[in-house]
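Below you'll find the structure, written out as structure tokens, and then a few comments.
What follows is calculated from the coordinates using simple rules that are stated; it is not laboratory data. On a predicted model such as this, the values are computed, not experimentally measured, just so you know. We place every Cβ from the backbone using ideal geometry, glycine too, and count neighbours over all the protein chains shown.
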């Protein structure tokens, strides 16, 4: 079993400046229904894999631009975490301020947000239950992806990624089932030929550390 996860691309329609609460809500809807910025890189071949994508034009266009022709399954479990303005006000705030405060409400279960953190965790685990026995390619949104990765790690999956720190548009994640700890890392096998997921995790961290120097 393996799962490749791609983060949706950056929306072509990006609002800048400061916004009232109603304007912020409109911006959130606009971004989900936007195309992504034009992509000219390598396309992914989904042959032999079940392709799952979240709802919304952003996920659909990411699939159309990044994947060779296929028929993806549109899966609501992969939708972005919906964020609503944290209060009704004409006061203008930057976009990131709105997102940060709305996300804090969502994590604390504030009923102003459509989905609590508990709801998101449940959604992530329901998708893992669906996909874990298949060879899959998944396209989903950055906020939901962050929680999906947490749940995958907590359930014993190995997560390898192409970037560091904050999830980036179009970033790729490789998910595999953690093997039993072989114990070979006691002999430094993780420096050359890792024999289990624990060794490979450490090898990846060492490589990333070396690349950043």
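Taking the Kirkwood radius as Rh and the Cα radius of gyration as Rg, the range 1-107 has a ratio of Rg/Rh equal to 1.05. Ordered by the count of other Cβ atoms within 10 Å of each Cβ, fewest first, 128, 167, 175 give 167, 128, 175. Taking the number of Cβ atoms within 10 Å of each Cβ as an exposure proxy, the fewest-first ranking of 138, 27 is 27, 138. Summed over all non-identical Cα pairs, the Kirkwood treatment of the range 2-178 gives a radius of 16.9 Å.
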